[in-house]
Structure formats: structure tokens, C-alpha cells
Amino acid sequence: MLKGNRRVADKFAITLLGASVVIIVAILVVIVGNIVIHGVRAVTWEFLTQAPRQGLTAGGIMPAIVGTAALVILMSIVAVPLGVATAVYLHEYTPAEGLNLAWRRFRVSKGLPGRRKLFFRAASALLATVTRSAVANLAGVPSIVFGLFGLGFFIQFIGRNIDRATQPPGEVLWGQGSLLWAACTLALLTLPTVIVATEEALRTVPQDLREASLALGATQWETIRRVVLPSSLSGIMTGAILGISRGAGEVAPILFTGAAYYLPYLPGDVTDQFMHLGYHVLILSTQSPDVEATKPLLYGTVFVLLALTFLLNLTGVIIRSRTRSRLHR
Amino acid sequence: MTILTTTGEFVTSAAPAASTTASPRPADAHNPPKIVVRDFNFFYGESKVLHGIELDIPEKQVTALIGPSGCGKSTFLRSINRMNDIIPGARVEGLIALGGKDLYAPHVDVVALRRRVGMVFQKSNPFSKSIYENIAYGLRIGGIKDRRILDETVERSLQRAALWDEVKDRLNASALALSGGQQQRLCIARALAVDPEVLLMDEPASALDPIATQKIEELVYELKDNYTIVIVTHNMQQAARVSDRTAFFMLGKLVEYDNTRTIFMNPKVKLTEDYITGRFG
């Protein structure tokens with residue numbers, strides 16, 4: 001028989017935990033519901049296929065949709081290969097035993113043959129530890145800082161220098177905000193997610209398979225390319241898509257690196273500026289000359305942005321569940 | 001059934017009974033050793049797990065390595081194709097020579113070595129590719145693209161591994177859809193496809209049911225016509241059934257190495273007899 005106060009505590013805990021679940025779900029329902037109800041009404045064929053008109057109070061968001069898509073694709077081209085390569089290096093080439101053990105093994109190896117090899121192992125483990133903490137810290141940097149970094153590094157430093165070398169004096173082509181620099185900046189923001197997800201996917205590949213491949217006379221790279229990567233491909237893709245979908249909604253990194261307030265035409269080159277759904281939301285809600293006239297457009301834009309992000313996430317989830325069912329077959 | 005045929009075979013095959021000592025050298029002078037091991041020591045970090053191993057493994061025969069868990073028999077097996085290289089802190093001393101060449105000499109190409117010394121693992125480990133691609137893997141990394149050669153090798157390897165008839169209609173099906181026993185034979189076929197000289201088997205039947213085990217044993221018995229086989233097993237009867245020579249390991253030392261019949265019928269060392277009769281282990 002439970003004593004009275006224990007029973008009360010039990011009920012209280014269940015109520016508290018249940019309430020927090022209800023609150024979370026309620027918040028989501030209110031936000032999404034509000035956007036869907038108001039947004040669906042604004043989304044018409046005209047809205048999706050035309051440029052904004054009359055000081056952003058009429059027309060559509062077509063340049064923003066195209067700009068966002070172009071940005072996301074370009075960002076993926078930069079972030080995914082770099083992230084996957086980093087993760088493969090970290091997981092497949094650096095010592096699995098970790099820094100502490102590698103260092104201890106080196107220290108006790110005095111006078112034994114192969115000591116040099118143990119030293120390089122420990123050094124490599126140190127590099128891996130440094131890289132991992134760098135990645136973790138990169139994930140913690142506020143996105144506006146990425147934006148400023150992109151402006152300072154990509155545009156002011158790299159872009160200006162390319163211009164100095166390739167353009168006639170006074171001409172500016174690379175040294176200004178553009179799709180390319182915005183994509184690079186956003187790729188930096190996405191990198192940690194891609195790296196962590198890829199390493200996680202590589203971890204799920206059984207060591208047995210690597211050994212089987214090596215025992216058949218494959219080199220380490222052949223093993224990675226033909227066995228490890230194909231087996232972890234869906235995990236990598238899931239992680240990449242989740243990272244990308246997060247990047248797709250970020251506004252701060254592209255504020256100074258290429259997003260345009262208003263462009264009636266579509267970007268035709270990586271050096272062009274572009275409109276972006278997230279940035280367009282910011283503009284509509286802060287810069288509009290007529291708040292009431294802009295409201296439906298604002299709802300419509302947010303709805304489209306949410307829908308695109310949701311679609312990306314859904315793709316990730318579907319790939320993941322497909323892999324799971326294949327594993328359990 | 002296997003026991004009968006195998007026993008019958010072993011009486012005839014183990015003819016030269018000149019091995020009165022527990023010498024590392026095989027009795028048969030006409031069959032030079034494929035693998036020569038002299039004073040071989042193995043270390044994991046500071047701990048020494050193999051002590052002064054000396055034995056000669058004859059060509060085109062089956063050599064069984066037996067002994068209690070942790071005695072070093074698997075470590076020894078994995079030293080023959082240098083799979084232990086991938087273990088951090090592993091170090092060797094002494095000699096293992098394959099066809100007269102020291103495997104641990106500097107500048108030995110480990111990748112090339114592993115193509116000469118195939119391996120079958122305890123747990124079947126097919127790649128998550130089709131049956132066909134599993135077998136073709138070794139050839140593809142060897143740069144062979146000719147479809148005809150690939151087709152022929154896949155068929156020949158599967159036939160040698162006694163799996164062809166069971167899978168010939170579904171070569172493009174996933175290898176993971178096969179049963180455990182079939183998967184293990186697939187792994188044997190995959191190892192055979194690169195045409196190794198030596199086949200190392202690390203308890204290849206320990207995770208299989210008796211019928212699948214019997215198939216693997218029959219296979220080992222047939223394969224020795226073409227390959228030098230070294231098999232680690234926990235199953236004493238299996239060692240007796242399939243092998244020509246048996247090495248008994250304990251606590252990282254080679255206790256006794258002789259013709260299988262001698263080891264099982266008339267061991268020289270008391271420890272071997274105790275282990276074989278099940279007094280410990």
C-alpha cells in the first residue's frame with residue numbers, strides 16, 4: 001500500500017509531464033494552424049509565378065522561390081562533399097582508440113620498435129579531437145556571426161582579391177553579395193550537421209564488412225568507396241537533407257552576403273544577387289508601406305517557406321525509414 | 001555420414017606415420033610446407049599473446065587450430081594475412097613465411113598478400129550488395145571489368161562453394177536475403193573468387209546449425225585439393241573430421257602439433273589429451 005504523499009507525488013509528476021506535452025503540441029498547432037489557414041488563401045498560381053509589384057503590396061514571390069532553391073542547391077554542392085569528406089577522414093582514418101589511449105600507448109612504448117608509428121597515431125588522434133571540438137563549436141556560433149564572417153571573409157577578402165586580379169580597375173564582380181558567397185556562408189552553417197550525421201552513419205557500418213573487404217585485398221580507400229559509403233549512404237543523405245533544410249530557412253547568414261530586398265528578375269549567374277523567402281518575410285513585415293495590404297502576402301510567403309522546409313524534412317524521414325525497413329528485412 | 005567418409009579418408013591419407021616427435025616439420029617430405037612459422041611472437045600493446053610459435057603448414061592440406069578461448073589461435077590465424085595490422089598497438093616478432101617469403105618483411109605489399117591469403121570469418125559478413133556483386137567484388141577492385149570473366153568467375157566460385165544450384169536463378173537478389181549457412185558459403189565463394197593460395201577460416205561454422213555446418217565441412221574437405229586451408233575451430237569433432245594436421249594452442253603457446261590422427265588418438269602431451277577428452281576447456 002502506497003503512502004498518501006507518494007501517491008500524490010506520482011499523480012503530480014504524471015500531470016506535469018503530460019501538461020508539458022500538451023503545451024508543446026498546442027503551440028505547434030496554433031502556429032502552423034494559423035499560417036496554414038491564412039496562408040493557403042494567399043497561395044494562388046499568380047502568387048507563385050509572378051514577381052512582387054506595387055512596392056511589395058501586390059504580385060507574387062516567384063523570384064524568392066527561385067532564389068531560395070538556387071541558394072539551397074548551391075549550398076548543398078559546397079557543404080555535402082566537404083562535410084562528408086571531413087566525417088570520413090575523422091571516422092575512417094583517425095585512430096579509433098581516441099587521444100587518451102593513443103597517447104598512453106605511445107608513452108609506454110619506450111624502447112620498443114614501431115614507436116614512431118605510435119607517435120603519429122597519437123598526433124592524428126589529437127588532430128581528430130581538435131577537429132571534432134572545432135565542429136562542435138562551429139555548431140554553437142550564432143548565425144548572424146556567420147553572416148558577418150561571410151561578408152568579411154568571402155566578399156571583402158576573397159571576392160575583392162579575385163576582382164583585383166581579374167577585373168579592370170574599378171569594376172566589381174566578385175567583391176559584392178551574390179548567390180555564391182551566400183551559399184558558401186550558409187554551407188559553413190550547415191557543415192556541423194552534415195559532419196555529425198555522416199559520422200553517425202559511418203558508425204552504423206559493421207566493422208565486419210570493413211574486414212571482409214580488406215581481407216579480399218582491397219585498400220582502405222577502396223573499402224570506403226565500395227563498401228562503407230554505399231552502406232551508409234542513406235544515413236548520410238538523411239543527415240545532409242536535415243542540415244540543408246535547416247540552412248534553407250536561415251536568414252541571418254545571407255543578410256549581408258547577397259540577399260536582395262527586391263529584384264524583379266531571376267538570378268542568372270552565381271555572381272548575381274537573389275531574393276530569398278526568409279528574407280522576403282523579414283522585408284514584408286518590416287518595410288511595407290501598407291501593412292494591411294501586405295498581410296496576405298506575408299502569410300503566403302511563410303506558408304511556402306514552411307512547406308518547402310517540410311518537404312525537405314519529409315524526404316529525409318522517408319529515406320531513413322526505407323533504410324530501416326531494409327535493415328530489418 | 002560425413003564422419004564415416006571422412007574417417008575412412010583419414011586412415012588412407014595420413015599414411016606416413018613417421019611423426020614420432022612433436023616436431024614442427026610435417027612428416028611428408030614430398031609436400032614442402034606452404035607456410036613456415038619460426039619463433040613467432042605477437043603483442044597487443046605490452047601484453048604478449050603468442051609465445052614462440054613454430055610450425056609448418058603443409059600445402060593443399062587442412063590444418064586445424066584448436067584450443068580453449070583466448071589461447072591465441074585466432075590471433076595466429078589473423079597474423080597469416082596480416083589482418084591484425086589494423087588493430088592499434090599490435091606488434092609481431094619472428095617469422096611467418098609464405099612460399100619462402102617473410103610476410104612481415106619491410107616493403108611487403110599487404111594488399112597483394114591478402115589476395116593470396118583469403119579469409120572466411122566467424123560471422124558471415126556479406127556486403128549489402130547482390131549475390132553476384134559480392135562474389136565479383138574482389139575482381140572489381142582488381143580492376144577486372146570484362147563481363148564475361150566476371151560471369152565465369154562468379155559461376156565457378158559459387159560452384160566451388162557448393163552454392164551455385166541454390167542461387168543461380170537469383171544472382172541479382174540481395175545477399176542478405178540468404179540463410180545463415182548460405183551466407184557463409186557465399187563468403188567462402190567470395191574469398192575463392194580472387195583465387196587465393198591459402199584460405200584461412202576463423203570458426204566458419206560456429207554460428208550455424210548442424211546441417212549447414214555439415215555442408216561447410218564437406219566443402220572444406222573438397223577445397224583442400226586446390227587450396228591450403230587453415231581452420232580455427234572450437235569443435236573438436238570438426239577438427240577431427242576435416243583436418244589433416246592439428247595444432248593445439250594454450251595460453252598463447254603451441255602445445256602440440258602433429259597429424260590429426262596422432263593428436264586425437266595418441267597425443268604426446270598430457271595437456272593435449274586432457275583438452276581433447278574434455279577434462280577442461
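Quick notes on this structure:
- Each residue in the stretch B:158-193 was checked for being at pLDDT 90 or above and more than 15 Å from B:Thr213 (Cα to Cα), and 22 of them qualify.
- Checked against (1) of a type in the set (S, T, N, Q); (2) modelled with pLDDT of 90 or more; (3) farther than 30 Å from A:Phe274 by Cβ, A:Ser109 meets all criteria but (2).
- Scanning the stretch B:71-91 for residues that are free of Cβ contacts under 8 Å to residues at least 60 places away in the same chain and at positive phi gives B:Arg82, B:Gly89.
- Candidate set: the stretch A:169-223, residues that are free of Cβ contacts under 8 Å to residues at least 24 places away in the same chain and of a type in the set (A, V, I, L, M, F, W, C); chosen: the one farthest from the other protein chains (Cβ to nearest Cβ): A:Val172
- Residues in the stretch B:94-132 that are in a helix (DSSP H, G or I) and free of Cβ contacts under 8 Å to residues at least 40 places away in the same chain: B:Val110, B:Val111, B:Ala112, B:Leu113, B:Arg114.
- Qualifying residues in the stretch A:192-250 (those that are of a type in the set (D, E, K, R) and within 16 Å of the chain's Cα centre (by Cα)) - the one modelled with the lowest pLDDT: A:Arg246
- Tally of residues being more than 8 Å from every other protein chain (Cβ to nearest Cβ), of a type in the set (Ser, Thr, Tyr) and surrounded by fewer than 20 Cβ atoms within 10 Å (Cβ to Cβ) across the stretch B:77-136: 3
- Flag if A:Gly111 is away from chain B (no Cβ under 11 Å) and not in a helix (DSSP H, G or I): yes
- Restricting the stretch B:256-281 to residues that are touching a residue at least 40 places away in the same chain (Cβ under 8 Å) and closer than 21 Å to B:Asp202 by Cα, the residue that is surrounded by the most Cβ atoms within 10 Å (Cβ to Cβ) is B:Tyr257.
- Restricting B:Leu192, B:Leu158 to residues that are within 14 Å of chain A (Cβ to nearest Cβ) and either within 23 Å of A:Arg210 (Cα to Cα) or not in a loop (DSSP other than H, G, I, E, B) (or both) narrows the list to B:Leu192.
- In the set (1) away from chain A (no Cβ under 14 Å); (2) of a type in the set (A, V, I, L, M, F, W, C); (3) more than 27 Å from A:Arg121 (Cα to Cα), B:Leu139 fails one condition alone, (1).
- Of the residues making up the stretch A:225-254, those that are more than 12 Å from chain B (Cβ to nearest Cβ) and among the β-branched types (Val, Ile, Thr) are A:Ile236, A:Thr238, A:Ile241, A:Ile244, A:Val251, A:Ile254.
The values are calculated or read from the model by the stated rules, or taken from the named source; none is laboratory data. These figures come from a predicted structure and were not determined experimentally. Glycine gets a Cβ as well: all are built from the backbone with ideal geometry, and neighbour counts include every protein chain shown.
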